[in-house]
Amino acid sequence: MATNVEATSAEIEQLRVGDIAPGLAQLALTLATTLDGKDGATAKANAGRELRAVLESLRKLAPVAAETDRVDELAKKRDGRIRARRA
């Protein structure tokens, strides 16, 4: 099982928000470190609550992933052929 730091780091990387909001990304990693540490239950509960809020903010900042499917690929090829014929 991954540590909280590993999981948080992976999510930040997947969201591609490290460069967009480096301060929030670092805060998330610091909070995850607290969760993995030897602090008491109260500190971990507080860190967990804050980590959840910070990750929610990072998710809102994440760029929208451009997903393409086979239909999009075929349409792009067709447009390329049409442009080639016109040229």
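The values are calculated or read from the model by the stated rules, or taken from the named source; none is laboratory data. Because the structure is predicted, anything quoted here is derived from the model rather than measured. Because the Cβ atoms are built from the backbone with ideal geometry, glycine has one as well, and the counts that use them run over all protein chains shown. Accessible surface is based on the protein model in full, side chains and every heavy atom, while ligands, DNA and RNA are left aside. Shrake-Rupley method; radii C 1.70, N 1.55, O 1.52, S 1.80 Å.
Data table
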{"quantity": "Angle in degrees between helix 4-15 and the longest Cα principal axis of the chain, rounded to the nearest 10", "calculated": "20"}
{"quantity": "Farthest positive-ward along the chain dipole, Cα basis, beta-carbon charges - from SER9, ALA28, ALA75", "calculated": "ALA75"}
{"quantity": "Value of relative contact order over the chain, rounded to a whole percent, pairs C-alpha under 8 Å and six or more apart", "calculated": "31"}
{"quantity": "Within straight-line cross-link reach of LYS77, aspartates and glutamates at Cα separation under 19 Å, skipping those fewer than 8 residues along the same chain", "calculated": "GLU67, ASP69"}
{"quantity": "For the stretch 1-15 versus the stretch 32-85, the gap between their alpha-carbon centres in whole angstrom", "calculated": "12"}
{"quantity": "Calculated Rg and Dmax of the Cα atoms in Å (choose from (1) 13.5, 48; (2) 12.9, 44; (3) 20.5, 70), label", "calculated": "(3)"}
{"quantity": "Ranked order, ARG70, ARG85 - accessible area, probe 1.4 Å, largest first", "calculated": "ARG85, ARG70"}
{"quantity": "Charge dipole magnitude, Cβ of K and R +1, D and E -1 - the chain, Cα centre, debye nearest 20", "calculated": "760"}
